[in-house]
Amino acid sequence: MRTIAFGYGIILFLFTCVAARANDGDTATVEAAKQHFQQGMQYFDAKEYTRAVEEFRAAYDIKPTWKLRYNIAQAEAAAKRYGLALEEFEAYLGTGGDEVLIEREKDVLREIDRLRMLVGVLDVKAPDGTEIYIDDILRGTLPLSGVLRVAVGDHQVWMRHNGKILYDGNIKIAGAVRTRLDVSDASDGTPTISTYTNDASTVDSAAVSAPQNSTRESDKPQRFAFIRNMTPKEKGLFFGGIASGVVGVAALAGGVGFTVAAIKAADERDSYETKYSQTDDPSLEEQYANSAQNKHDEVLRDTKMMVAGYVTGGVFAAAGATLLILCFHNTKKKNVAVMPTINGIGITF
């Protein structure tokens, strides 16, 4: 993967080439957009992701280009504003279309799948012209083109219509759940907050006063969702680790079983040897001697199997643990890291 520094140099080159061919007015516009973009990159490198978003969006407002949506989405995701990141990644693919490289498209689609597990849906019903603020960020003015995607967790939501605050409170967003905030008929100042599953059937509904908080148990995350979000390589490591671990545990269990068998055979051998030493009957001496020898052979056999079980089990268990560590290490890196490749930040204005 190319580094941000290398991609950054390409961007400066592209800016310079374009600016050289532009007229004075376009040059000033490009220069302003470039300055915001450069500042955004500096904030991003410094891990000040919220400020990076502001600069990237300022550059986009001056000179809209679909490639910049990728940078905005990365910074939003790094800032853990997953709903905004999801919207920008989807806009990046939608506006980029066939110009998005296939490998980049695959990366973004995987990121979109991951983000969808981290967001819920807020559906607002209010008079047209109502401004919706979530965590002090203006997310839109009604009527909206769709619902709002919001990161799972508690969020401060307030709405304003013609200068009047219609709602100001805390709303809990759950994953894979649609939450509706209805203030369209709140003449008594009591809006309704309802939650729905994906099939839009009502889960629960409660009327709350505007200044009060909406409390609701978060839905449990979908089982095994992390496996579906893995790359083929990660799935190979994961299932290989599980299989190797199972074989290792089975072999170790076998080693324990042969240990018990060897101890039992050794006790029986010692018992026959004691009887042999205490009898004067020749026929019994031969019988005890043969039995003692047979048990001795069993002890040797079980001991060999015991050692083989422990060695084999240890090797497979260690291999399984190693594969799982590699899998989850790679998955963790993918989930917390952005994707700063040249194709994502090679922007021409």
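The values are calculated or read from the model by the stated rules, or taken from the named source; none is laboratory data. Remember, predicted model here, so these are calculated numbers, not experimental data. Neighbour counts run over all protein chains shown; Cβ positions are idealised from the backbone, glycine included.
Please go through (1) farther than 21 Å from GLU54 by Cβ; (2) buried (at least 21 other Cβ atoms within 10 Å of the Cβ); (3) of a type in the set (D, E, K, R) for ARG81 and return the number of the only condition it doesn't satisfy.
Exception for ARG81: condition (1).
Does ASP98 satisfy the condition of being in a strand (DSSP E or B), at negative phi and surrounded by fewer than 21 Cβ atoms within 10 Å (Cβ to Cβ)?
On the way: in a strand (DSSP E or B): no; at negative phi: yes; surrounded by fewer than 21 Cβ atoms within 10 Å (Cβ to Cβ): yes.
Answer is no for this residue.
Any residue in the stretch 148-161 that's free of Cβ contacts under 8 Å to residues at least 24 places away in the same chain: show its pairings with residues that are aromatic (Phe, Trp, Tyr) at Cβ separation under 9 Å, as long as the two are six or more apart or on different chains.
Sorted first by the residue in the stretch 148-161, then by its partner, the pairs are GLN156/TYR133.
Between LYS67, LYS80, which is of a type in the set (Lys, Arg) and either over 27 Å from VAL121 (Cβ atoms) or free of Cβ contacts under 8 Å to residues at least 12 places away in the same chain (or both)?
Working: LYS80 fails: either over 27 Å from VAL121 (Cβ atoms) or free of Cβ contacts under 8 Å to residues at least 12 places away in the same chain (or both).
Only one candidate passes the filter, namely LYS67.
Exactly one condition in (1) surrounded by 21 or more Cβ atoms within 10 Å (Cβ to Cβ); (2) more than 20 Å from the chain's Cα centre (by Cα) is not met by ARG51; state its number.
Evaluating ARG51 over (1) surrounded by 21 or more Cβ atoms within 10 Å (Cβ to Cβ); (2) more than 20 Å from the chain's Cα centre (by Cα) leaves (1) as the failure.
Only residues in the stretch 84-103 that are within 22 Å of GLY120 (Cβ to Cβ) count as the first member; pair them with residues that are of a type in the set (Ser, Thr, Tyr), Cβ under 8 angstrom, at least 6 apart or cross-chain, and list the lot.
GLU88/TYR70; PHE89/TYR70; TYR92/TYR70
Look through LYS80, LYS34 and report the one residue that is part of a loop (DSSP other than H, G, I, E, B) and touching a helix residue (DSSP H, G or I) at 6+ places or on another chain (Cβ under 9 Å).
LYS80 is the lone residue from the list that is part of a loop (DSSP other than H, G, I, E, B) and touching a helix residue (DSSP H, G or I) at 6+ places or on another chain (Cβ under 9 Å).
Has the stretch 166-176 got any residue that is surrounded by fewer than 19 Cβ atoms within 10 Å (Cβ to Cβ), under 23 Å from TRP66 (Cα atoms) and over 24 Å from the mean Cα position of the chain (by Cα)?
Checked against the condition, which is being surrounded by fewer than 19 Cβ atoms within 10 Å (Cβ to Cβ), under 23 Å from TRP66 (Cα atoms) and over 24 Å from the mean Cα position of the chain (by Cα), the stretch 166-176 yields no hits at all.
I'd like to verify a number: residues in the stretch 301-349 that are modelled with pLDDT of 80 or more, over 30 Å from ALA265 (Cβ atoms) and among the small types (Gly, Ala, Ser), how many? Full working, then the answer.
Pass one, the stretch 301-349, residues modelled with pLDDT of 80 or more: 301-326.
After this cut, where a residue has to be over 30 Å from ALA265 (Cβ atoms) as well, the list is 319-326.
Subsequent filtering for residues that are among the small types (Gly, Ala, Ser) retains 319-321.
Looking only at that region, the number is 3.
When you go through ARG57, ARG69 one by one, which is the residue that is part of a helix (DSSP H, G or I), under 30 Å from ASP26 (Cα atoms), modelled with pLDDT of 90 or more and over 22 Å from the mean Cα position of the chain (by Cα)?
Answer to the selection: ARG57.
Could you count how many residues in the stretch 237-268 are surrounded by fewer than 17 Cβ atoms within 10 Å (Cβ to Cβ), hydrophobic (A, V, I, L, M, F, W, C) and within 12 Å of MET306 (Cα to Cα)?
Matching residues across the stretch 237-268 total 4.
Counting just the residues of the stretch 98-114 that are in contact with a helix residue (DSSP H, G or I) (Cβ under 7 Å, 6 or more places away or on another chain) and basic (Lys, Arg), which one comes out nearest to TRP66 (Cα to Cα)?
ARG104
For the stretch 293-314, give me the residue count where each residue is under 15 Å from ILE263 (Cβ atoms) and either without any contact (Cβ under 8 Å) to a residue 24 or more places away in the chain or among the polar types (S, T, N, Q) (or both).
Going through the stretch 293-314 one residue at a time, the tally reaches 4.
What residue, of ILE137, ILE62, is over 27 Å from the mean Cα position of the chain (by Cα) and either surrounded by fewer than 21 Cβ atoms within 10 Å (Cβ to Cβ) or acidic (Asp, Glu) (or both)?
Details: ILE137 fails: over 27 Å from the mean Cα position of the chain (by Cα).
Of the residues listed, the single one that is over 27 Å from the mean Cα position of the chain (by Cα) and either surrounded by fewer than 21 Cβ atoms within 10 Å (Cβ to Cβ) or acidic (Asp, Glu) (or both) is ILE62.
Which residue, of ILE102, ILE137, ILE112, ILE132, is aliphatic (A, V, I, L, M) and touching a Gly at 6+ places or on another chain (Cβ under 7 Å)?
Of ILE102, ILE137, ILE112, ILE132, the one residue that is aliphatic (A, V, I, L, M) and touching a Gly at 6+ places or on another chain (Cβ under 7 Å) is ILE132.
Within the stretch 22-43, is even one residue under 30 Å from LEU148 (Cβ atoms), within 19 Å of the chain's Cα centre (by Cα) and at pLDDT 90 or above?
Looking for residues that are under 30 Å from LEU148 (Cβ atoms), within 19 Å of the chain's Cα centre (by Cα) and at pLDDT 90 or above, one finds none in the stretch 22-43, hence no.
Only one of (1) in a strand (DSSP E or B); (2) closer than 27 Å to THR65 by Cβ; (3) not aromatic (Phe, Trp, Tyr) fails for VAL121. Which number is that?
In the conditions (1) in a strand (DSSP E or B); (2) closer than 27 Å to THR65 by Cβ; (3) not aromatic (Phe, Trp, Tyr), VAL121 misses (2) alone.
Test ASP113 against the stated conditions and say whether it is over 23 Å from the mean Cα position of the chain (by Cα), acidic (Asp, Glu) and at pLDDT 80 or above.
In short, no.
Being touching a residue at least 24 places away in the same chain (Cβ under 8 Å) and farther than 24 Å from PRO232 by Cα narrows it down to one residue among ASP123, ASP113, ASP136; which is it? First the steps, then the outcome.
Numbers: ASP113 fails: farther than 24 Å from PRO232 by Cα; ASP136 fails: touching a residue at least 24 places away in the same chain (Cβ under 8 Å).
Criteria check complete, one pass: ASP123.
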